Amino acid sequence: MLDVRRMQVLRAVVTSGSITAAATNLGYTPSAISQQISVLEREAGLPLLAKVGRGVQPTAAGKLLTDHAATIADNLAEAERALADLREGRTGTLRVRYFSTAGAALVPQAVAEFRKLHPDVQLDLANVEPLDPIHEAAAGRADASIVVVADEKKPPLHGIQLVHLLDDPYSAVLPHGHPLADKEILDLSDLAGEPWVDNEHYAASSWTCRQILLDACASAGFSPSFSLQCNDYTTAQGFVAAGLGISMIPRLGLATLTPGIVVRPVGKPEPIRRIYAAVPEFTADQPATAALIRCLRTAAESVN
């Protein structure tokens with residue numbers, strides 16, 4: 001195995017033209033340089049230098065190794081520059097995973113701001129529904145995932161750091177003309193006898209949202225009666241507008257309203273989705289990741 005450091009010594013000798021000059025440039029004694037060259041010649045199995053007057057010149061093998069030594073030095077310098085850029089958050093790729101409503105409400109604004117700060121960092125963005133984005137971060141497939149946390153007291157997955165972004169309260173969505181539409185604020189128990197339009201995927205990520213609603217309803221003393229099921233908030237609004245039931249939709253899912261519905265806040269209790277950024281602990285302090293989280297928090301503040 002050739003020693004890279006000895007190859008650089010050879011390069012210094014060839015470029016300076018003599019062992020004495022290389023020793024002066026490198027801060028070694030001429031005998032130390034000669035020893036390094038002798039060992040490298042044994043590793044190569046060929047002579048590397050030939051004496052010419054008071055100096056030396058490379059043999060064919062010496063010229064070959066000198067050229068490769070220059071390439072190695074250039075590659076190492078490039079690696080050091082790339083590492084410095086990565087440490088300072090100037091380059092690289094960040095993988096961001098999210099669910100639909102968070103993607104629509106938070107990600108575009110955060111990305112626009114992030115690109116102003118770090119134009120050389122590439123962003124790999126993906127909506128992973130119906131999968132739970134937190135598992136993408138836990139498995140090392142994402143540098144940041146936007147997730148819903150049902151129980152803030154429960155420890156996060158091992159190796160994951162959670163950063164709170166915003167609270168996303170649910171509202172009741174009623175058809176125009178519904179008797180409850182006359183109330184400015186509803187008690188959750190007011191909806192106990194209503195047919196409900198379910199609006200979540202039957203998947204891990206959506207089950208967290210559904211469980212938030214079920215737990216709130218249990219606190220109000222009832223279990224909701226789901227009469228229809230759909231997989232998104234827009235379709236649920238359409239069913240409600242047609243008079244087929246009521247639905248509970250979080251604020252981020254009500255950015256666009258379907259004609260024929262009425263939205264009312266709910267209390268006693270108020271169901272709330274708590275939305276976090278989930279970041280692997282080993283990347284959380286990297287400058288680019290930290291900047292992205294700041295941009296997500298700023299975007300979250302704008303929709304609160």
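The values are calculated or read from the model by the stated rules, or taken from the named source; none is laboratory data. Since the model is a prediction, treat every value here as computed from it, not as a measurement. Positions of Cβ are generated from backbone atoms using ideal geometry, with glycine treated the same way; all protein chains shown enter the neighbour counts. Accessible surface is based on the protein model in full, side chains and every heavy atom, while ligands, DNA and RNA are left aside. Shrake-Rupley method; radii C 1.70, N 1.55, O 1.52, S 1.80 Å.
Just the residues that are under 47 Å from the mean Cα position of the chain (by Cα) and surrounded by 15 or more Cβ atoms within 10 Å (Cβ to Cβ), please, taken from segment 1-22. Those that are under 47 Å from the mean Cα position of the chain (by Cα) and surrounded by 15 or more Cβ atoms within 10 Å (Cβ to Cβ): 6, 7, 8, 9, 10, 11, 12.
Filter segment 122-138 down to the residues that are more than 15 Å from residue 106 (Cβ to Cβ) and open to solvent by 70 Å² or more (accessible area, probe 1.4 Å), then identify the one that is farthest from the chain's Cα centre (by Cα). For segment 122-138, the residue satisfying everything is 131. Among the residues of segment 23-72, those identified as more than 47 Å from the chain's Cα centre (by Cα), assigned to a helix (DSSP H, G or I) and among the charged types (D, E, K, R) are 41, 42. A single entry from 64, 106 fulfils the requirement of being at pLDDT 90 or above, over 23 Å from residue 282 (Cβ atoms) and open to solvent by less than 70 Å² (accessible area, probe 1.4 Å): 106.
Can you confirm whether segment 166-178 contains a residue that is more than 26 Å from residue 257 (Cα to Cα) and open to solvent by 70 Å² or more (accessible area, probe 1.4 Å)? No, there is no match, as no residue in segment 166-178 is more than 26 Å from residue 257 (Cα to Cα) and open to solvent by 70 Å² or more (accessible area, probe 1.4 Å).
The residue that is nearest to residue 180 (Cα to Cα), among those in segment 214-263 that are out of contact with any Pro (no Cβ under 7 Å at 6 or more places or on another chain) and of a type in the set (Ser, Thr, Tyr), is 247. Name, by its number, the condition in (1) at pLDDT 95 or above; (2) in contact with a strand residue (DSSP E or B) (Cβ under 6 Å, 6 or more places away or on another chain) that does not hold for residue 281. Every condition holds for residue 281 apart from (1). I want to confirm something. Restricting to segment 201-242 and keeping residues that are within 12 Å of residue 170 (Cβ to Cβ) and at pLDDT below 90, which single residue is surrounded by the most Cβ atoms within 10 Å (Cβ to Cβ)? Checking each candidate, the answer is 209. The condition of being within 18 Å of residue 224 (Cβ to Cβ), within 33 Å of the chain's Cα centre (by Cα) and of a type outside the set (D, E, K, R) holds for only one of 280, 287, 250, that being 250. So which residues in segment 37-59 are touching a residue at least 12 places away in the same chain (Cβ under 8 Å), closer than 18 Å to residue 16 by Cα and open to solvent by 70 Å² or more (accessible area, probe 1.4 Å)? Passing the criteria: 54, 57.
Restricted to segment 243-301, and to residues there that are among the basic types (Lys, Arg) and within 30 Å of residue 218 (Cβ to Cβ), the residue that is least open to solvent (accessible area, probe 1.4 Å) is 273.
In a residue-by-residue description of segment 226-242, the property of being more than 28 Å from residue 145 (Cβ to Cβ), in contact (Cβ under 8 Å) with a residue 60 or more places away in the chain, touching a Ser or Thr at 6+ places or on another chain (Cβ under 7 Å) and part of a helix (DSSP H, G or I) applies to at least one position.
Looking across segment 67-78 at every residue that is open to solvent by 50 Å² or more (accessible area, probe 1.4 Å) and of a type outside the set (Val, Ile, Thr), the one that is modelled with the lowest pLDDT is identified as 78.
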